[in-house]
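Worksheet: the structure to be examined is printed underneath.
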Amino acid sequence: MKILIVEDEMELSKSLEESLIKEQFIVEVAFDFATASEKIFLYEYDCILLDIGLPDGSGLEILKQLKKAGKAGNIIIISAKDSLDDKLAGLNLGADDYLTKPFHIAELNARIKAVLRRKKLDGKQHLQYGNLRLDLEERKAYVDQKHLPLNRKEFDILNYFLFNKTRLVTKTALAEHVWGDNIDQADNFDFIYYQMKNIRKKLRKAKADIEIEAVYGVGYRIVES
Ligand code: CA
C-alpha cells in the first residue's frame, strides 16, 4: 500500500512518514504544491494525505486535479484550519475524510485503514484468489489454511497482484507500488525478476492453485492454474 503525504510542515511530515512506515506502508512525501501536482500526475497512490494550506498553492486545487483525472479516491484532508468551508469544499470535491490538526497518529491510522478498506475491499479484511488468502490486517498469507511465510516485499507484491487479478501488471507499475516512486530511475528491474522467482517457488511448494505468469518484455499476470 502506497501513501503520499502532501504537507509543508517538515516536522509533521517527518513524524507522519515515520509512523506510517512502521505500519508497513510505502510512503512518499511532497512538501509543496508543485511537487504534489507532479507526483499525482505521474504515479498512483492508495491513499493521499492532503494538507490544504501549501506555500505555493491550495490543496483544494490538487483535489480538483485528481478529480479531473478520475483519481479522486482515498484522500484524507489534513488541515490546520478548523474551517467548515475547507471541510465542505474538500468533501464536495471528493475527499473521503477530514482531520483537523493537531491529530493523534492512532486516529490517522484508523482513518487510513477505514478508507482503504472501504474503497478497495468493500469492507473485507482479506483478499482471496484460488486457495491463496491474504489477511491484510495481520499481513499474513495462507494457502488453504496453511500459513505461507513471506517477507515484506513478497507480501506487498502478492497484495498488488490480488488487487489486479487477471490484469497485466507492468514491471514499472509493480516496482513503483512496492518499492516507491523513484524506482523508475533504476537502471533495470532485475531485482523484480529475483523476487518473482522466489515467490513463484514458494507458491508452487505450498501447492497454491494460482500462479504468476510472465508476459515477455512487459510484466506479469496472476492466473488460476
Ligand atoms: Ca500547511
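Each value in this text was obtained by applying a stated rule to the coordinates, not by laboratory testing. Predicted model only: the values in this text are computed from it and were never measured. Every residue, glycine among them, receives a Cβ derived from its backbone with ideal geometry; neighbour counts consider all protein chains shown.
Entry note, region 77-197: relative contact order of 12 percent, from Cα contacts under 8 Å with a spacing of 6+ residues. For the Cα atoms of the chain, what angle does the longest principal axis make with the long axis of helix 105-121, in degrees from 0 to 90, nearest 10? The angle comes out at about 60 degrees. The loop-placed GluC sites (Glu not before Pro) in region 107-191, going by DSSP, that have at most 11 neighbouring Cβ atoms within 10 Å of their Cβ come out as GLU137, GLU138. Treating cross-link reach as a plain straight distance, find the aspartates and glutamates whose alpha-carbon is under 13 Å from the alpha-carbon of LYS113, omitting any fewer than eight places away in the same chain. Filter leaves GLU23, ASP46, ASP96, ASP97, ASP122, GLU137, GLU138.
Exposure proxy shown here: for ARG139, ARG167, the number of other Cβ atoms within 10 Å sets the order, fewest to most, as ARG167, ARG139.
A cut-off under 15 angstrom between Cβ atoms defines the neighbours of GLU11, and their net charge, with Lys, Arg +1 and Asp, Glu -1, is -4.
Other residues lying with their Cβ under 13 Å from the Cβ of THR170 contribute a combined charge of 0, Lys and Arg counting +1, Asp and Glu -1.
Restricting to DSSP H runs of at least four residues, report the calculated mean residue ellipticity at 222 nm for the chain, -39500 (n - 2.57) per run over all residues, nearest 500 deg cm²/dmol.
-13000 deg cm²/dmol
Take every pair of alpha-carbon atoms less than 8 Å apart whose residues are at least six positions apart; their mean separation over the length of region 1-69 yields a relative contact order of 39 percent.
Placing unit charges on the Cβ atoms of the charged side chains and taking the dipole of the chain about its Cα centre, the candidate lying farthest along the positive direction among GLY57, ASN188, LEU136 is LEU136. To the nearest ten degrees, helix 10-22 and the longest principal axis of the Cα atoms of the chain are 20 degrees apart. Annotation note: trypsin sites (Lys or Arg not before Pro) in region 191-225 located in DSSP loop regions with a Cβ neighbour count of at most 16 within 10 Å are LYS207. Helix 59-68 and the longest principal axis of the C-alpha atoms of the chain enclose an angle of approximately 50°. DSSP beta bridges confined to region 1-151 are antiparallel in about 45 percent of cases.
Loop-located chymotrypsin sites (Phe, Trp or Tyr not before Pro) across region 133-219 with a Cβ neighbour count of 13 or fewer within 10 Å are TYR216, with loop assigned by DSSP. Counting every other Cβ atom within 10 Å of each residue's Cβ, ASP135, ASP187, ASP96 order from fewest to most as ASP187, ASP135, ASP96. Remark: relative contact order (region 1-153) = 16 percent; criterion is Cα-Cα distance under 8 angstrom and separation of 6 or more residues. Across q = 0.09, 0.12 Å⁻¹, the chain modelled as identical point scatterers on its alpha-carbon atoms has Debye log10 I(q)/I(0) values of -0.39, -0.68, in the order of the q list.
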